[in-house]
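The values are calculated or read from the model by the stated rules, or taken from the named source; none is laboratory data. On a predicted model such as this, the values are computed, not experimentally measured, just so you know. Quick reminder, even Gly has a Cβ in these numbers, built from the backbone with ideal geometry, and neighbours come from all protein chains shown. The protein model used for the area step is the full one, side chains on, heavy atoms only, and it has no ligands, DNA or RNA in it. Shrake-Rupley method; radii C 1.70, N 1.55, O 1.52, S 1.80 Å.
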Amino acid sequence: MATETKEKKYPISGNLAENEKFFIEHAGLNTSFDIGIRKLQVLDFQVNMYFLNGLCDTKYITEILKKITSISDDEVDHIKFKEILENRIVNQSVSKVKSLDDAVDQLLSGLILFFIEGIDYALAADVRSYPGRQPQEPDTEKIVRGARDGFVENIIVNTGLIRRRIRDERLRYEIMQIGERSKTDVCVAYVKDVANPELVKTIKQELEAIEIDGITMADKTVEEFLVHQGFNPYPLVRYTERADVAANHLLEGHVLILVDTSPSVIITPTTMFHHVQHAEEYRQAPAVGTFLRWVRFLGIVASIFLLPLWFLFVQEPSLLPKEIAFIGPNEQKNIPIVVQIFLADFGIEFLRMAAIHTPTSLSTAMGLIAAALIGQIAIDVGLFVPEVILYVAVAAIGSFATPSYELSLANKIARLVLLIAVAAFQLEGFVIGCTLFVLLLASIRSLNTPYLWPFLPFNAKALWQIIIRTSVPGAKLRPSIVHPQNVKKQPK
């Protein structure tokens, strides 16, 4: 409604001085150094070109200006000047703009605008050239074999990477702008005859309902408006920086959300098991992929339950069978075991944060110092018992083996809560804590999708494909959880 009001209030005038005054007052012309105007006299008409330095490709602008200025030398027909000028704008994307508000929005997006004396509309040409990097393999989703191109911060490049893999006329990209001030481009991607229309409609409605100054934190801000996560630590959408992973999910019936300035794409809807899959499993033989998946599952389970279970055995050694009665500290320290575990766990978290913020040239030195401090020296001075370091390290490795960074952090929080429960109530605390943990996961729904599907509610065929990495010819049906319109991947 606000946009309609602005269009009626600020129409484009045939008087170029009035239009220029609007740009001075509302866009910062003559104040902001990156917003410029070039005034041309073509035949008997004045033409004003507005541009934005930094987001425009100067080579394209120069070529267009050459064509426009040549009109005075080549043409004499003043009556058809508008048509002649529009034809001389040598660009594949030229559109008419009829309101000053839309003109400002397009200018600030990187388009150039041509205002013609006596004409009540402007011509917008897309000559954008956003600063950014070239597609390269994402650091968080590296694989041994496979494509090395990943998403970047340019939404146009990202849509192109997907379109290159799905050359289907039914692939749809619907774009909108979110943020009253940032006006960030957000694109909803889906395959028309595969994706559930109700899911597409719901996502578009949620996005259109966002009212905020700006989404400078890009996809994360969109996610919080979309799924209303609150203080639930478990991720309700999946992020990927790999174009092949995104394309594969599109063909399964998922809906993607691409946000300009973000190198990650949001996949919806997702379950917990979507977060434990990795592209490497599908780049190897089914047997090898299954082995890698089981190892990864083992690491994820260890990252949650290993430390609480070991601490339970430390507190109640009678629960241990005789064959593994050696488990547990052989010596007592002045610091309680649970405090040692928390100190070591937080120490590893400090290291992770430091590794992110430490320059590459200093990361090796930091790793050596950390290994000495948290490792042998901490044991020698009596701060930790060796087994605490061992099991905390195994749990940390399990966290690093989790494909989803968001899921690994949520599992860390669950592990610490279970440790507190075991410290307070021993065996009863462990059992009740695990039960509440499973109930919490079972109660979560992401866009009306059960979080533990296909385990709860149970679906044997789907669960088998999660446990076993089946071959592509054997996976003939799309996952039913996304309610695809066309359930078959293969015609036979």
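Structural remarks
- Some residue of region 283-303 being closer than 30 Å to P135 by Cα, surrounded by fewer than 17 Cβ atoms within 10 Å (Cβ to Cβ) and either modelled with pLDDT under 90 or among the basic types (K, R) (or both): yes
- Evaluating F384 against the criteria (1) buried (at least 19 other Cβ atoms within 10 Å of the Cβ); (2) part of a helix (DSSP H, G or I); (3) at pLDDT below 90 leaves one unmet condition, (2).
- Considering only residues in region 155-175 that are touching a Cys at 6+ places or on another chain (Cβ under 8 Å) and in a strand (DSSP E or B), the one that is most open to solvent (accessible area, probe 1.4 Å) turns out to be I175.
- Against the list (1) farther than 30 Å from I304 by Cα; (2) open to solvent by less than 30 Å² (accessible area, probe 1.4 Å), the condition R242 fails is (1).
- Selection status of F231, among the aromatic types (F, W, Y), open to solvent by 20 Å² or more (accessible area, probe 1.4 Å) and outside any helix (DSSP H, G or I): yes
- Restricting region 66-87 to residues that are exposed (fewer than 15 other Cβ atoms within 10 Å of the Cβ) and of a type in the set (A, V, I, L, M), the residue that is farthest from A125 (Cα to Cα): V76
- Looking only at residues of region 448-492 that are of a type in the set (A, V, I, L, M, F, W, C) and part of a loop (DSSP other than H, G, I, E, B), we find that the one that is modelled with the lowest pLDDT is A475.
- Filter result for V152 (buried (at least 17 other Cβ atoms within 10 Å of the Cβ), part of a loop (DSSP other than H, G, I, E, B), touching a residue at least 24 places away in the same chain (Cβ under 8 Å) and within 25 Å of the chain's Cα centre (by Cα)): yes
- The listed residue being under 30 Å from A355 (Cα atoms), in contact (Cβ under 8 Å) with a residue 12 or more places away in the chain and under 21 Å from the mean Cα position of the chain (by Cα), out of A414, A401: A401
- Exactly one residue out of Y130, Y190 is farther than 30 Å from S99 by Cα and either of a type in the set (F, W, Y) or part of a strand (DSSP E or B) (or both): that is Y190.
- Contacts under 8 angstrom Cβ, first residue in region 126-148 being farther than 29 Å from I61 by Cα, partner hydroxyl-bearing (S, T, Y) and buried (at least 16 other Cβ atoms within 10 Å of the Cβ), 6 or more apart: E141/T240
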